[in-house]
Amino acid sequence: RGRRPVSAATRRCCRALGLLLALLPALAHAEWYRREEAIMGTRIYVELWADAAPAGESAVAAVIQSMHDVDEMMSTYKPASQLSRVNDRAAQEPVKVDRELFEVIRNALEFSRLTHGAFDVTYASVGYLYDFRAHQRPTEAQIEKALPGINWRNVRLDPVALTVKFDHAGMRIDLGGIAKGYAVDRAIGLLQARGIAHAVVTAGGDSRIIGDRFGRPWIVGIRHPDDPKRVITRIPLVDTAMSTSGDYERYFDENGVRYHHIIDPKTGHSASKVRSATILAPTAMQTDGLSKTAFVLGAEEALKIIEAIPGVDAIFVTPQGKVLYTKGLQPGD
Ligand code: ADP
Ligand code: MG
């Protein structure tokens, strides 16, 4: 008896089955997908739960790409970035920017108002004279000369034309204190749009978490200012953003004085009223924008400001090593 011919339909069916079998391992790959990269001059980390490898890997790639996009637009290290254009031209004429950059600057000015000027992106008018990696700092004379450039009230925004204008010569903006928070929120938004329900995204000191780790919170430790291995306190987190700023992040010591990357806008010197500040809030732009306050104003005044904002909490480590919490975090609550 001759072999029965295999019909075209059967062949198609078998091919489809083969394809399905080939896909099965991928489909069954519900797991955590992670990546760490150096972008925006800092460590970017993403960890997310996805049902399948293609979805998980493409979500991770989208987060990394988004970080690069924000960097391209808002870096002061890139001469071609929109922000560099603003710094070059805005003292002469209104500079048109993308809505995204406009919104970040608008939010930055809002944090200046909330923090009584402790947060001020025009700190860079003096801040650019520091190079913490090269252990360089400006002289008193240089600071005095550049200091009038620091004043957030001299940033003029036109919400219709989407332009930025400086009312004073010698002004510069640096978004190093808010753009990472923004970038984290942007990445989380992308993940939510893809239906990702469990993830953490970190950019330097700024993180945001969606969901939990299957019934358990994510546990985040706050390190000791002088010992990276010692943990001062651990907090369980679900669906929140968190930023920690510390005087141990970017600094150098000279003759017993610590020069570090958070600048008091009034003096142009490093702001040292606390050693570290951790803020918890719904978005990472909020936590980033508020994490500098206590360095400039001191823990007491910063606590007052933060207690008055609904949904925001804080943990400060003072120069004496005391740990202060907002009411919402105090044990027993
Ligand atoms: P990270 O870069 O690790 O997120 P922070 O959130 O503590 O660190 O932000 C520190 C950065 O904030 C500095 O490197 C600088 O770019 C910027 N900055 C410093 N002082 C001020 C200030 N008074 N107001 C706003 N931004 C500031
Ligand atoms: Mg930050």
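Structure values in brief
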| item | result |
| --- | --- |
| The listed residue being under 24 Å from the mean Cα position of the chain (by Cα) and of a type in the set (Gly, Ala, Ser), out of Gly149, Gly170, Gly176 | Gly176 |
| The range 117-137, residues that are of a type in the set (D, E, K, R) and within 12 Å of ligand 1 (Cβ to nearest atom) | Asp120, Asp131, Arg133 |
| Out of Tyr77, Tyr33, Tyr123, sole residue that is more than 15 Å from the chain's Cα centre (by Cα), part of a strand (DSSP E or B) and of a type outside the set (A, V, I, L, M) | Tyr33 |
| So Gly189, is it surrounded by fewer than 24 Cβ atoms within 10 Å (Cβ to Cβ), small (Gly, Ala, Ser), within 21 Å of Lys292 (Cα to Cα) and at pLDDT 95 or above | no |
| Answer from Ala91, Ala118, Ala108 - the residue that is assigned to a loop (DSSP other than H, G, I, E, B), among the aliphatic types (A, V, I, L, M) and closer than 28 Å to His68 by Cα | Ala91 |
| Residues within the range 209-260 that are basic (Lys, Arg) and within 16 Å of ligand 2 (Cβ to nearest atom), tallied | 2 |
| Wholly enclosed strands (runs of 3 or more DSSP E) of the range 189-245 bearing at least 2 residues away from ligand 1 (no atom under 16 Å from the Cβ) and more than 16 Å from Leu48 (Cβ to Cβ) | 218-224, 227-237 |
| The range 190-208, subset within 16 Å of ligand 2 (Cβ to nearest atom) and of a type outside the set (A, V, I, L, M, F, W, C), residue nearest to the chain's Cα centre (by Cα) | Asp206 |
| Residues (part of a helix (DSSP H, G or I), among the hydrophobic types (A, V, I, L, M, F, W, C) and within 17 Å of Arg208 (Cα to Cα)) located in the range 39-69 | Ala59, Val60, Ala62, Val63, Ile64, Met67 |
| Options Lys304, Lys273, Lys266; residue that is more than 16 Å from ligand 2 (Cβ to nearest atom), crowded, with 18+ Cβ neighbours inside 10 Å and outside any strand (DSSP E or B) | Lys273 |
| Inter-residue pairs, beta-carbon under 7 Å, first free of Cβ contacts under 8 Å to residues at least 24 places away in the same chain and in the range 220-249, second within 14 Å of ligand 1 (Cβ to nearest atom), 6+ apart | Val220/Met242; Arg230/Arg223; Val231/Ile222; Val231/Arg223 |
| Residues that are within 13 Å of ligand 1 (Cβ to nearest atom) and in a helix (DSSP H, G or I), drawn from the range 150-186 | Trp152, Ala179, Lys180, Gly181, Tyr182, Ala183, Val184 |
| Among the residues listed as Ala161, Ala183, Ala187, Ala169, the single one being more than 16 Å from ligand 2 (Cβ to nearest atom), among the small types (Gly, Ala, Ser) and in contact with a strand residue (DSSP E or B) (Cβ under 8 Å, 6 or more places away or on another chain) | Ala161 |
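The values are calculated or read from the model by the stated rules, or taken from the named source; none is laboratory data. Quick caveat: nothing in here was measured; it's all calculated off a predicted structure. Heads up, the Cβs are rebuilt from the backbone with ideal geometry, glycines too, and the neighbour counts pull from every protein chain shown.
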